[in-house]
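Read-outs throughout are calculated quantities, based only on the coordinates presented, and are distinct from any laboratory measurement. Small disclaimer: the values here were computed from a predicted structure and weren't measured. Here Cβ is always computed from backbone atoms with ideal geometry, including for glycine, and neighbour counts include all displayed protein chains.
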Amino acid sequence: MTKLPDNMELRERFHLGESDTAVADEFGVTRQAVQDRWRKMGLYRAPVVQQVRLLLAQAWELEAGSQHSYISKSLRLVLRRRLGDALRIKQQEQAEKWLHMLREEGLMVTYEPGVGWIYVPRTPSDLPWLVRWPTGKPLPGVREQQALMMPTEGEELKPVGS
């Protein structure tokens, strides 16, 4: 097995959004070895990923496998970025392309049990959110609400409040 690079290089790769698997494959180590090293350096991705999961679970009882659809992946990428996570270049591009499509088509997303994530037409009564929040469910906190809002045309996809 090859040794991992120094902390400076690993930190740069983390902030560029390289996956644990990609780094592990390149250096011939296990994914766990990469994760352990990043943890020792104080670098964590999971808190934002977990925050996104909890945010979506606050509104919907998501079924197993629902996270694999293109809509779900794109929504989670946007929310991760808006909540401060670093995305890889390809992830950032996918998120921006998806947002552009939503704007152009006048769509937003919602979740339907038994069906999964679907596109629905945006109506004048919808908040400028990416999702149609379920009626009767309490709204999330202010920061999460900001993360759920559609960035305006031309606005860079960046963390809320920055």
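Brief remarks follow.
- For the stretch 57-136, the C-alpha radius of gyration sits at 1.09 times the compact-globule guess of 2.2 N^0.38 Å, with N the residue count.
- The chain: radius of gyration over Cα atoms, expressed as a fraction of 2.2 N^0.38 Å: 1.15
- Euclidean distance of C-alpha centroids, the stretch 1-60 and the stretch 61-129, integer Å: 23
- Low-density loop cleavage sites - GluC sites (Glu not before Pro) in the stretch 66-162, where at most 13 other Cβ are within 10 Å (DSSP): Glu153, Glu155, Glu156
- Residue (of Pro140, Ile89, Leu43) at the positive-pole extreme of the chain, dipole from beta-carbon charges: Leu43
- Three semi-axes of the equivalent ellipsoid, the stretch 1-85, Cα gyration tensor, whole Å, largest first: 28, 14, 11
- Of the chymotrypsin sites (Phe, Trp or Tyr not before Pro) found in the stretch 28-67, those that fall in a DSSP loop while having at most 16 other beta-carbon atoms within 10 Å are Tyr44.
- Helix content alone sets the calculated 222 nm mean residue ellipticity of the chain: runs of n ≥ 4 DSSP H residues at -39500 (n - 2.57) each, divided across all residues, give -14500 deg cm²/dmol.
- In a simple Cβ point-charge model (Lys, Arg +1; Asp, Glu -1; nothing else charged), the stretch 61-162 has a dipole of about 280 debye relative to its Cα centre.
- Convex hull of alpha carbon positions in the stretch 38-89: directionally averaged projected area 4.4 nm².
- Amide H within-cut-off set for Trp129, under 5 Å, with H built and near neighbours excluded: Met150
- Among Leu148, Leu55, Leu16, residue whose mean-square fluctuation peaks in a GNM of the chain (springs only between Cα atoms under 10 Å): Leu16
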